[in-house]
1. Can you tell me the equivalent ellipsoid semi-axes for the stretch 27-113? Use √(5λ) from the Cα gyration tensor, largest first, whole Å.
2. For the chain, what is Rg from Cα atoms divided by 2.2 N^0.38 Å, rounded to two decimals?
3. For the chain, what's the relative contact order in percent, using C-alpha pairs closer than 8 Å and at least 6 residues apart?
4. I need the phi-derived Karplus couplings for the stretch 186-199: 6.51 cos²θ - 1.76 cosθ + 1.60, θ = phi - 60°, integer Hz, Gly and Pro marked x.
5. Report the Rg/Rh value for the stretch 129-233, based on alpha-carbon coordinates and the Kirkwood definition of Rh.
6. When the chain is modelled as a GNM with alpha-carbon springs shorter than 10 Å, which of ILE46, ILE29, ILE267 fluctuates the most?
7. Do the alpha carbons of any pairs in LYS112/LYS174; LYS259/LYS369; LYS31/LYS133 sit beyond 20 Å of each other, and which pairs?
8. How big is the antiparallel share of DSSP beta bridges in the chain, given as a percent to the nearest 5?
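Just so it is clear, none of the values below were taken in a lab; they were calculated from the coordinates. Everything numeric here is computed off the predicted structure, so don't read it as measured data. No Cβ is skipped: glycine too gets one built from the backbone with ideal geometry, and neighbour counts run over all protein chains shown.
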Amino acid sequence: MPIPTEPVGSLPRPMKLQTAIAEYDAGKITKEDLKVEQDAACADSIKRMEATGSPINSDGEQRASSFATYPLADTLAGTGLADNLAGDGQYFAIFTDGHHRQLPRLTGGPFKYKTYAADYLKEAMPLAHKPLKQAVIAPSMLYLLYPLDGEIEGYTREQFAEDLVNECEKDIRKCFETGAKRVSIDFTEGRLACRNDPNNPWTGRGMLEQFIDLNNRVLARFSPEERVNIGIHTCPGGDCDSTHSADVDYAELLPSMFKMNAGYFLIQLASEPDKESVYKLLGEHSREDADGVKQVCFIGVINPQSPTIETPEQVRDDLVLASKYIPVERLGSTDDCGFSPFSIDVKPKHGSPDFARDVAFQKIEARVKGTQMASEELGVA
Ligand SMILES: [Zn+2]
């Protein structure tokens with residue numbers, strides 16, 4: 001079997017769509033007007049991603065407020081916030097360029113998603129000629145909606161956790177029912193949990209093992225056959241061409257991360273300073289048998305934060321080197337992260353989101369070609 005290749009999910013939103021979102025937040029256009037732009041951006045995303053030769057694609061998450069907040073609010077500014085939430089929650093991340101992203105705060109129970117990822121997928125399916133994947137948010141990220149200290153009156157932390165696990169399971173199941181071939185769970189908070197940032201209190205609470213246990217509660221609801229197609233994505237964040245936890249040594253995260261009983265992992269690696277040592281860690285800690293599934297390691301071979309387009313030869317060489325440490329039947333390739341996990345992102349290093357979009361498709365094409373070349377070189381084409 002050739003080496004599989006898969007995107008994380010998002011693409012930069014066209015400037016026209018970002019402008020429409022701002023106008024919707026300002027009350028200048030209607031939800032229907034906004035949807036016209038979202039529809040156009042999704043159709044363009046699928047068409048152009050398919051044109052790269054990519055065997056599995058997404059709608060570029062063009063309708064989502066962000067990879068983390070899509071179940072909770074219509075826009076990143078918080079328009080259309082779900083029930084029992086207020087806008088002033090925790091910073092889930094403070095990025096190295098100084099900007100931050102904030103979660104809503106839970107004010108009471110029960111906790112319910114307002115939008116499921118499958119609501120977007122449903123609109124994308126008729127536009128696709130090849131299989132689609134869907135990214136969903138990890139329960140561990142949404143766990144941060146509950147105040148860090150104390151308890152919400154009438155809604156215990158454990159009641160919330162149970163509702164959260166139920167909603168995450170439903171989010172994943174609905175994706176498969178709607179026709180997703182693969183579902184990956186965004187777990188950017190995993191690496192950040194290893195960082196102790198005094199400006200961001202939750203990061204200093206040693207929450208990683210709690211996150212792993214919570215995510216495993218969701219995974220345990222799926223059979224091994226289902227979990228073959230359920231992945232986990234890890235990265236040091238990616239927003240406005242900046243990261244939040246790239247300085248955290250992978251050695252702190254990976255032994256715990258592979259305790260999650262997922263069938264595959266999408267792992268940021270192209271932008272790591274010492275890739276080979278990480279390949280080695282992946283070989284050591286990924287498991288042949290994770291409660292009935294083998295864990296396939298999709299290594300990042302494309303850096304979405306850099307405007308420089310990787311060559312297929314670079315992609316091939318990364319995979320060939322990784323195969324020294326990871327059995328080729330458990331090796332895949334991916335992008336380091338979504339190309340724009342948050343809807344509002346002008347991609348400063350690229351100069352504009354429209355240019356970053358063009359670059360993204362060229363990068364995906366290089367990933368697909370280079371992965372094919374590696375398959376040939378390793379005798380699995
Ligand atoms: Zn990511």
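1. 28, 18, 13
2. In units of the 2.2 N^0.38 Å rule of thumb, it is 0.92.
3. Relative contact order for the chain comes out at 21 percent.
4. 6, 10, 5, 6, x, 5, 5, 5, 8, 9, 10, 9, x, 7
5. Expressed as Rg/Rh, it is 1.02.
6. Maximum among the listed residues: ILE29.
7. Result: LYS259/LYS369; LYS31/LYS133 exceed 20 Å.
8. So the antiparallel bridges in the chain amount to around 25 percent.
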